[in-house]
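The structure under discussion appears below in the form of structure tokens.
The values are calculated or read from the model by the stated rules, or taken from the named source; none is laboratory data. Please read all numbers here as calculations on a predicted model, not as lab measurements. All Cβ positions, glycine included, derive from the backbone under ideal geometry; neighbour counts span all protein chains shown. The protein model used for the area step is the full one, side chains on, heavy atoms only, and it has no ligands, DNA or RNA in it. Shrake-Rupley method; radii C 1.70, N 1.55, O 1.52, S 1.80 Å.
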Amino acid sequence: MEEALRIAAQLMALSARTAPKAAGQDFVAVRVIEGDDLRKLGEAMINYGDESGKKNFDRDGKNVMNSGALLLVGLNAPKTLGLNCGACGQPKCALLETREGPEFRGAFCAWRLIDLGIAIGSAVKTAGTLNVDNRIM
């Protein structure tokens, strides 16, 4: 069963990796987590929930520890698309400033967030096709 979950996660990663991206520029990062790394991540989630007082990190951390594989999908140092479209809330791309928050670094070009959503959607579609239960967290 573990090998089948590993293959499914890798196919999901492939779907995310090959999903269309704005202007063909790829800032999407994917990583499959399995084995002892799942336990470490789950424990870190539980600890974060305890320390921050945020709800459901204990539940989700336990679910991660009980999973056969986990696919992480994110953005890696995304640059603006350069359209000056204003979708990010700034009138020009050059005005979009990156800031460190308590959980995230942002802001991001809206087009890169769309790329992320499409990549995640592609991965979830692959999981559904394979009848692998999944959750977007």
What pairs come out if I take residues in the stretch 60-89 that are within 17 Å of E34 (Cα to Cα) and pair them with residues that are open to solvent by less than 40 Å² (accessible area, probe 1.4 Å) and acidic (D, E) whose C-beta lies under 8 Å away, six or more apart or interchain?
none
The conditions are (1) open to solvent by less than 50 Å² (accessible area, probe 1.4 Å); (2) assigned to a loop (DSSP other than H, G, I, E, B), and G74 fails exactly one of them. Which is it?
(2)
State all residues of the stretch 26-45 that are outside any helix (DSSP H, G or I) and open to solvent by 80 Å² or more (accessible area, probe 1.4 Å); if no residue qualifies, say none.
R31
Considering E100, E51, which residue is exposed (fewer than 14 other Cβ atoms within 10 Å of the Cβ) and either β-branched (V, I, T) or at pLDDT below 95 (or both)?
E100
Could you tell me whether T80 is farther than 24 Å from N131 by Cα, out of contact with any strand residue (DSSP E or B) (no Cβ under 7 Å at 6 or more places or on another chain), among the β-branched types (V, I, T) and modelled with pLDDT of 95 or more?
yes
Taking N66, is it over 15 Å from the mean Cα position of the chain (by Cα), of a type outside the set (A, V, I, L, M), open to solvent by 70 Å² or more (accessible area, probe 1.4 Å) and on the phi > 0 side of the Ramachandran plot?
no
When the stretch 68-109 is examined, which residues are found to be among the β-branched types (V, I, T) and over 29 Å from T126 (Cα atoms)?
T98
Can you work out which of the residues in the stretch 106-128 that are more than 11 Å from the chain's Cα centre (by Cα) and more than 15 Å from L81 (Cβ to Cβ) is least open to solvent (accessible area, probe 1.4 Å)?
A127
